[in-house]
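Colleague: Please see the structure below; I have some questions.
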Amino acid sequence: MRGLIGVAGFFLIALIPHTVAFDPLDPNGNITIKWDVMSWTPDGYVATVTMNNFQMYRHIMTPGWTLGWTWAKKEVIWSMVGAQTTEQGDCSKFKGNIPHCCKKNPTVVDLLPGTPYNQQFTNCCKGGVLASWGQDPQSSVSAFQVSVGQAGTTNKTVKLPKNFTLLGPGPGYTCGPAKIVPPTKFFTPDLRRKTQALMTWNVTCTYSQFLARKHPSCCVSMSSFYNETITACPSCACGCENRNKCIKSDSKLLSVVGINTPRKDNAPLIQCTHHMCPIRVHWHVKLNYKDYWRVKLTVTNFNYRINYTQWTLVVQHPNLNNVTQVFSFDYKPLVPYQSVNDTGMFYGMKFYNDLLMEAGPSGTVQSEVLLQKDKETFSFKQGWAFPRKVYFNGDECMLPPPDTYPYLPNFAHHSPVAFITLLFSLFFLFVVLF
């Protein structure tokens, strides 16, 4: 009986995948928020808060990150540089100097580009946009400075904030508790002297697609040169609950001024399709050479309200261990497990196609990939030429069922009548000629 209960418990846990935020293609990916206490004040401390996006291919796009926490005691924020809280809260008990924020659970956002220099801080003021570590490490950092009052003034009296939350820009991230770590060390500009923070703690946030949304946000379609069949995205791949809110590609509403303006709640305006996905990735097996084969990749945006900046496309396929040339995208192999090299990240070339425009004539980016064959494994049979997994902007896309992939024609198997007809024709020709 206990064994049956144990088995049932195991399957119950397996049916709740969002309980553990783990990405097999980026097992070490996370966003780490580091608090460095740089100085003590009469009633608290001044800290530098740094947010590092250590995810290889998942970035935070506009309208940017939102960071929240709960104070352990009755702390207030006297001032901030490089960021701001969205609400001040009730500061009526203060006279003279009024704090920047008196809320027990402040919510912090980044400042916008163009902020006056005297309000800026290193790596701030990007509107909350964070690039992925694999795509642009220098742009994967955001930071601000906060002056905290009514708090501890020594390492022993400071109480760490708790209940951290991160929106990036929507849900999906789960943050662990703050943990004290060895103080961060800094070098002076001349690199001749090393200093360190008075106290440091880290908060680690991980992403789960199951927490972010109920349905996928992209799908994959397929085609090949050896078969006229085009395998479309599965129907309702991204959910059809909002089908009554979609808009047809020839609708007159598209000419209305402001229809493409993003909304504060980031609600999409999707083109009506059978799959109802904002993004479709098409994988076309284009050409076959003696030692190489060529694939064409096309990413299409069906969202009329979102331009995807610094987009990323991750593909898992066994032949990505031998990429010869990528023609219009940048490419980087991803090797989360040193013994396996079957995953790669495609992304747009800066100032060329790193911006995927909203749905319409310009809402497409495409490239071709030349791969060298491994004669021991290469095959066009049984769908081998198609990807195993596809991610767009860090979210896994829905693939078609394997039995619908374009198959390699086989006369004897797929068209027995035609094969028999061919035999009779050859026999008749042989009789006539001889």
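Colleague: If one takes the longest principal axis of the Cα atoms in the chain, at what angle in degrees, from 0 to 90 and to the nearest 10, does the Cα axis of helix 416-433 lie?
Modeller: 30 degrees
Colleague: Here is a further query. Counting only protein heavy atoms and using a 1.4 Å probe, what share of the accessible area of the chain belongs to carbon plus sulfur, as a whole percent?
Modeller: In the chain, the share of accessible area belonging to carbon and sulfur is 58 percent.
Colleague: Can you pull the percent of Cα pairs in the chain with separation above 42 Å?
Modeller: Roughly 30 percent, rounded to a whole number.
Colleague: For region 59-162, what number results from the quotient of the Cα radius of gyration and 2.2 N^0.38 Å?
Modeller: That works out to 1.17 for region 59-162.
Colleague: For Lys162, which lysines qualify as cross-link partners when the Cα separation must be under 22 Å and same-chain residues fewer than eight apart are set aside?
Modeller: Lys34, Lys73, Lys74, Lys103, Lys104, Lys179
Colleague: Can you tell me the length gained on complete extension of the stretch Thr153 to Lys332, counting 0.36 nm per residue apart and subtracting the Cα distance?
Modeller: 59.8 nm
Colleague: Same structure again: In debye, nearest 20, what is the charge dipole magnitude of the chain about its Cα centre with +1 on Lys and Arg Cβ and -1 on Asp and Glu Cβ, if you could check?
Modeller: Once rounded to the nearest 20, the dipole reads 1060 debye.
Colleague: Still on this structure: Out of the DSSP beta bridges found with both residues in the chain, what percent are antiparallel (nearest 5)?
Modeller: Antiparallel bridges make up about 90 percent of those DSSP assigns within the chain.
Colleague: With +1 on each Lys and Arg Cβ and -1 on each Asp and Glu Cβ, and nothing else charged, work out how big the dipole of region 116-252 is about its Cα centre, in Debye to the nearest 20.
Modeller: With only Lys, Arg, Asp and Glu charged at Cβ, the dipole is about 620 debye.
Colleague: Now for a separate question. Find which of Gly152, Tyr304, Gln325 sits farthest along the positive direction of the dipole of the chain, computed with +1 on the beta-carbon of Lys and Arg, -1 on that of Asp and Glu, about the Cα centre.
Modeller: The residue sitting most towards the positive pole is Gly152.
Colleague: If you don't mind, another one. How far apart, in nm, are two points set 7 Å out from the Cα along the Cα-to-Cβ line at Asn163 and at His274?
Modeller: 4.8 nm
Colleague: If I take R0 = 41 Å and measure r between the Cβ atoms of Asn322 and Phe54 in this structure, what FRET efficiency does the formula 1/(1 + (r/R0)^6) give, to the nearest 0.05?
Modeller: The calculated FRET efficiency here is 0.90.
Colleague: Using the Kirkwood formula over every pair of different C-alpha atoms, what hydrodynamic radius in Å results for region 232-346?
Modeller: 16.9 Å
Colleague: Which order do the peptides 42-50, 248-256, 143-151 come out in when sorted by mean C-beta neighbours inside 10 angstrom, highest first?
Modeller: Ranked by mean Cβ neighbours within 10 Å, highest first: 143-151, 42-50, 248-256.
Colleague: Rg to Rh ratio, region 89-143, alpha-carbon atoms and Kirkwood radius?
Modeller: Across region 89-143, the Cα-based Rg/Rh ratio is 1.13.
Colleague: Could you give the distance between the Cα centres of region 97-122 and region 37-91, to the whole Å?
Modeller: Between the Cα centres of region 97-122 and region 37-91 lies a distance of 8 Å.
Colleague: Let me ask something else. Can you list the cysteines of the chain that have no other Cys Cβ under 4.7 Å away?
Modeller: Cys101
Colleague: Just to check, using Stokes-Einstein with a Kirkwood Rh over alpha carbon pairs, what's the diffusion coefficient of region 113-193 at 10 °C and 1.306 mPa s in µm²/s?
Modeller: Taking Rh from Cα pairs, D becomes 97 µm²/s.
Colleague: Now a separate question. Helix 2-14 versus the longest principal axis of the chain: what is the Cα-based angle in degrees, 0 to 90, to the nearest 10?
Modeller: It works out to around 90 degrees.
The values are calculated or read from the model by the stated rules, or taken from the named source; none is laboratory data. Owing to the predicted nature of the structure, the values given are computational and were not obtained by experimental measurement. Neighbour counts are summed over all protein chains in view; Cβ atoms, including those assigned to glycine, are modelled from backbone coordinates with ideal geometry. Just so you know, the surface numbers come from the protein's heavy atoms only, side chains and all, with ligands and any DNA or RNA stripped out. Shrake-Rupley method; radii C 1.70, N 1.55, O 1.52, S 1.80 Å.
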